[in-house]
Amino acid sequence: MTHKVLLSLLLSAAGLSANAQSATSRSQLCPTPPMGWMTWNLFKGDINEQLIRETADAMVSEGLAAAGYKYIFIDDLWQGGRDIHNNIIPDPQKFPSGIKALADYVHSKGLKLGIYSDAAQLTCAGATASLGFEEQDARTFASWGIDYLKYDYCNAPEDSATARQRYHAMATALQKSGRDIALGVCEWGQRQAEEWCAQVGGQLWRTSYDVRDMWKDVVKQGGMGILDIINVTAPLASYVNHTQWPDMDMLVVGLRGKGGPSSDLGGTGCSDTEYQTQMSMWCMMSSPLAMTNDLRKLTPADRRILLNPEIIAINQDSLGLAAQRKVFNNDYQIYVRKLTGGRHAIALLNTADKPLTLTADFAALGIEGKHQVRDVWQHKQIASNAKRWKGRVKPHETIVLVIE
Ligand code: GLA
């Protein structure tokens, strides 16, 4: 009898499967912010297995996978109800080969597959959700080879205690499934999830209502622009550690006003400078990076922003901290983030509608001494033995420096 067979016999006598025994502790499931691509903002319910396969192909051929983008997150409207045994099933028109075959394909490319459900009977878009079926659905997701679950909170009671209980139920079910499946808490920053996400078994928590393809909500229709999300997330920096990430919602980089749900509520599109700011600040804050533009049609500007290895390195820095906002006024904001190797990243964000000359005085920002300064968007060292940086920042631009 091999050791493995003996172990299985012992575990099954104890009521455990070898898989359940080997599941990773939940706190270790996302050691850096997950990076990938999500279906919702551009495609909404217009999704199918062909789109997922072609997106997986593009993730590899465009060099996105090599740059760190590993997940394909299938969002809402993949579901086809439940079968006679109450097993959740995919929409047979959209996914005729089933999700397992799709996961196998995605995995064969070295990528991971995420899926979506909701802590109520119906999802936000009115599809079948998981309340009361947590263990059964977690087992199904595990059997398909799912790696990540975005768990939404539409149609659920408002109070925080119920939310905590429902997220905990799903995290426990995922853990018992025996497969390593990360859990994204998606209650839109309304119940202080930053306080309890880790306790209930989640790895990241949404900080805001849904992102729209806009700079800020000037029309006051309740949509969240890039700057709105930066402003609600900045105060949460101290909750971030190397296991817990603030989910600032999807990147709108490259959508240019063409994006399904992200074009609602005034989401008419952003400039490339504003998309650069989104990438900069999502990386500074350690947010997950979920692209939503059509990866089969990348432009040079999309590539420049999404594939910048220096800004991605800040996002994935293994110290796993978020940037602290040190300066905040009507015209600009300055952030500092500690990096490995005693380095710091500094972001200067011009929120005004006019160009500004800004100064980052390193000592005033808590960084003593003289330093080498690298501009991560220009990809070059711009100073040595420097005690400050001073320069022009365009309207809505973010300059990111690494200080060493
Ligand atoms: C909510 C979420 C979005 C998306 C939709 C899907 O609005 O916040 O990110 O998942 O539901 O219906």
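Identify, from the list E134, E187, the residue that is open to solvent by less than 20 Å² (accessible area, probe 1.4 Å) and of a type in the set (D, E, K, R). Quick ask: steps written out before the conclusion?
Numbers: E134 fails: open to solvent by less than 20 Å² (accessible area, probe 1.4 Å).
The conditions single out E187.
With the requirement that a residue be acidic (D, E) and either modelled with pLDDT under 95 or within 16 Å of the ligand (Cβ to nearest atom) (or both), what does the stretch 115-146 give you? Before the answer, list the steps.
Looking only at the stretch 115-146, we keep the residues that are acidic (D, E), and these are 118, 134-135, 137.
Listed by number, the list holds a single entry, D118.
Here is a yes/no grid of residues against (1) among the basic types (K, R); (2) open to solvent by 10 Å² or more (accessible area, probe 1.4 Å); (3) part of a strand (DSSP E or B):
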site	(1), (2), (3)
A313	no, yes, no
G320	no, no, no
K326	yes, yes, yes
R337	yes, no, yes
L348	no, no, yes
D353	no, yes, no
T357	no, yes, yes
W377	no, yes, no
I382	no, yes, yes
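Restricting attention to the stretch 279-307, report how many residues are farther than 13 Å from W377 by Cβ and either in a loop (DSSP other than H, G, I, E, B) or out of contact with any strand residue (DSSP E or B) (no Cβ under 8 Å at 6 or more places or on another chain) (or both).
Of the residues in that region, 14 qualify.
Return the residues of the stretch 236-253 that are more than 17 Å from E187 (Cβ to Cβ) and surrounded by fewer than 24 Cβ atoms within 10 Å (Cβ to Cβ); say none if nothing qualifies. It would help to see each step written out before you state the result.
Step one: list which residues in the stretch 236-253 are more than 17 Å from E187 (Cβ to Cβ), which gives 237-238, 240-243, 251-253.
Within the stretch 236-253, A237, S238, V240, N241, H242, T243 meet the criteria.
Tell me whether the stretch 3-25 contains one or more residues that are open to solvent by less than 60 Å² (accessible area, probe 1.4 Å), modelled with pLDDT of 90 or more and under 23 Å from R304 (Cβ atoms). Steps first, answer last, please.
Applying the first criterion (open to solvent by less than 60 Å² (accessible area, probe 1.4 Å)) to the stretch 3-25 yields 8, 11, 17-18, 20, 23-25.
Right, trim to modelled with pLDDT of 90 or more and you get 25.
From what's left, under 23 Å from R304 (Cβ atoms): none.
Within the stretch 3-25 (the criterion being open to solvent by less than 60 Å² (accessible area, probe 1.4 Å), modelled with pLDDT of 90 or more and under 23 Å from R304 (Cβ atoms)), the answer is no, since none of the residues qualifies.
Mind checking whether some residue in the stretch 223-244 is in the same structural domain as C124 (by TED's automatic domain parsing), of a type in the set (D, E, K, R), touching a helix residue (DSSP H, G or I) at 6+ places or on another chain (Cβ under 8 Å) and at pLDDT 95 or above? Let's see the steps before the verdict.
Keep residues of the stretch 223-244 that are in the same structural domain as C124 (by TED's automatic domain parsing), which gives 223-244.
Now drop any that are not of a type in the set (D, E, K, R), which leaves 228.
Add one more test, that the residue is touching a helix residue (DSSP H, G or I) at 6+ places or on another chain (Cβ under 8 Å), and what stays is none.
No.
Checking I146 against (1) assigned to a loop (DSSP other than H, G, I, E, B); (2) open to solvent by 10 Å² or more (accessible area, probe 1.4 Å); (3) under 22 Å from D46 (Cα atoms), which test does it fail?
(2)
Considering each residue of the stretch 28-51, count those that are open to solvent by less than 60 Å² (accessible area, probe 1.4 Å) and either away from the ligand (no atom under 16 Å from the Cβ) or at pLDDT below 95 (or both), and give that number. Walk me through how you get there before you give the answer.
Residues of the stretch 28-51 that are open to solvent by less than 60 Å² (accessible area, probe 1.4 Å), as a first pass: 29-30, 32-43, 45, 47-49, 51.
Narrowing the set further to residues that are either away from the ligand (no atom under 16 Å from the Cβ) or at pLDDT below 95 (or both) leaves 29-30, 32-33, 35, 48-49, 51.
The number of residues fulfilling the criteria is 8.
The values are calculated or read from the model by the stated rules, or taken from the named source; none is laboratory data. Keep in mind it's a predicted model, so treat the numbers as computed, not measured. With ideal geometry, Cβ positions are generated from the backbone for all residues, glycine too; neighbour counts draw on all protein chains shown. Just the protein is used for accessible areas: all its heavy atoms, side chains included, with ligands, DNA and RNA removed. Shrake-Rupley method; radii C 1.70, N 1.55, O 1.52, S 1.80 Å.
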